[in-house]
Amino acid sequence: MDVFLQVIVNGLMLAGVYIGLSIGLTLIFGVIKVVNFAHGEFLMIGLYATYLLTTYSGLSVLQAIVPVVLLLFLSGYMMQRTVIQPLLSAPHHMQIFATVGVSTFLMNLALLVFGADVHRTEAPSALHTISVSGINLVVSQLITLVVAVCLAVGLHVFQSRTMIGMSIRAVAQNRDSAALMGVNVKRVYAITFGLGCACLGLVATLIAPQYPVFPTVGTYFVLFAFVIVILGGLGNVTGAIYASIIIGIVDSLAGYYISLALKEVICFCIFILILIVKPTGLVGKESGA
């Protein structure tokens with residue numbers, strides 16, 4: 001029983017990473033209705049930035065959070081202004097091609113600058129474990145889970161209590177009506193895209209001690225992020241949280257009790273089965289005819 005509980009807890013810790021990865025992607029799609037295929041590469045930027053700041057500037061991982069979050073916000077803001085905004089009236093496949101192009105560019109730029117070598121962010125204290133009733137918890141994983149939940153709650157409060165947040169909600173519900181009420185839609189889109197990428201910056205600093213960084217590191221993470229966003233219901237933050245918990249626990253159980261080599265296969269099988277039963281996702285709503 002202790003082993004089973006440990007595996008479940010490990011799954012919940014992994015869910016914290018998935019929540020952080022998917023919440024920004026969910027926010028961007030929910031408001032702008034654009035699928036950002038460069039999402040993984042923005043995570044890669046955050047991981048490299050954390051590595052450089054902690055290795056060469058003497059900052060701790062926690063001290064690196066602010067500059068990395070600001071870097072990712074500005075990067076997302078500029079991408080929306082320069083790449084996405086001119087294509088919002090174009091067919092959806094043009095937006096897809098554009099984000100895939102940005103993904104390819106960033107991946108190859110990282111390969112050119114850093115090479116194919118694998119780098120690690122050294123933070124020994126983050127990898128310490130604590131024991132609670134016989135259950136071992138890695139400090140960095142626990143912090144990531146807590147921060148991810150706080151991020152989801154904070155995002156809800158931000159959208160409910162601030163003028164910018166309410167403007168984002170208004171644009172998400174009806175862009176044309178929001179524009180008629182005086183909302184600057186272009187500015188809201190840019191801020192939303194920046195916030196979605198800033199969420200990645202926060203997560204990148206927290207998971208940097210746990211995972212190595214290399215030019216294609218984002219590919220693995222973004223695959224699960226897309227699965228979670230679709231499984232939860234496109235654009236639904238609450239659904240993304242539920243889906244993250246399911247995928248995290250299934251991943252942990254399958255990896256321990258079945259096979260590490262097959263855990264991704266099992267996760268995708270669960271994903272397909274749920275969509276067969278509920279095509280709109282866990283909390284998605286059927287669109288009207």
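Before moving on, here are some points about what is shown:
- Relative contact order for segment 22-218, counting Cα pairs under 8 Å that sit 6 or more residues apart, in percent: 45
- Segment 176-256, relative contact order [Cα under 8 Å, separation at least 6], %: 12
- Cβ-placed point charges (K, R +1; D, E -1), dipole of segment 22-218 about Cα centre in debye, nearest 20: 560
- Here the gap between ASN184 and PHE105, fully extended at 0.36 nm per residue and compared with their Cα-Cα distance, gives a gain of 25.4 nm.
- Between segment 74-133 and segment 187-236, the alpha-carbon center distance in angstrom: 8
- Between SER131, SER75, SER259, the GNM of the chain built on Cα springs shorter than 10 angstrom shows SER131 fluctuating the most.
- The Cα atoms of segment 18-72 give a gyration tensor whose axes a ≥ b ≥ c have a/c of 1.5 or more with a/b greater than b/c, which makes the shape prolate.
- Comparing ALA261, ALA152, ALA170 in a Gaussian network model of the chain where C-alpha atoms under 10 Å apart are linked, the largest mean-square fluctuation is found at ALA261.
- What the phi angles of segment 209-222 give under the Karplus curve with 6.51, -1.76 and 1.60, with θ = phi - 60°, is a coupling list of x, 8, 10, x, 10, 7, x, 9, 4, x, 4, 5, 5, 5 Hz, glycine and proline written as x.
- Estimated FRET transfer efficiency (HIS156, LEU260; beta-carbon r; R0 35 Å; 0.05): 0.50
- Charge context of ALA243, other residues only, Cβ under 15 angstrom, K/R +1, D/E -1: 0
- Applying the Karplus relation 6.51 cos²θ - 1.76 cosθ + 1.60 with θ = phi - 60° to segment 67-80 yields 3J(HN,Hα) values of x, 5, 4, 5, 4, 5, 4, 5, 5, x, 4, 5, 5, 5 Hz, where x marks Gly and Pro.
- Cα-based shape type of segment 186-289, given that a ≥ b ≥ c are square roots of the gyration tensor eigenvalues and the cut on a/c is 1.5: oblate
- Under 11 Å, Cβ to Cβ, from ILE84 - net charge with Lys/Arg +1 and Asp/Glu -1: +3
- Cα-based shape type of segment 22-218, given that a ≥ b ≥ c are square roots of the gyration tensor eigenvalues and the cut on a/c is 1.5: oblate
- Helix-only mean residue ellipticity at 222 nm for the chain, each DSSP H run of n ≥ 4 adding -39500 (n - 2.57), per residue, nearest 500: -23500 deg cm²/dmol
- Rough spin-label spacing in nm, given labels placed 7 Å along Cα→Cβ, for HIS93 and CYS269: 3.4
Computed from the coordinates by the stated procedures, all read-outs in this text should not be read as laboratory data. Source: prediction; values computed, not measured. With ideal geometry, Cβ positions are generated from the backbone for all residues, glycine too; neighbour counts draw on all protein chains shown.
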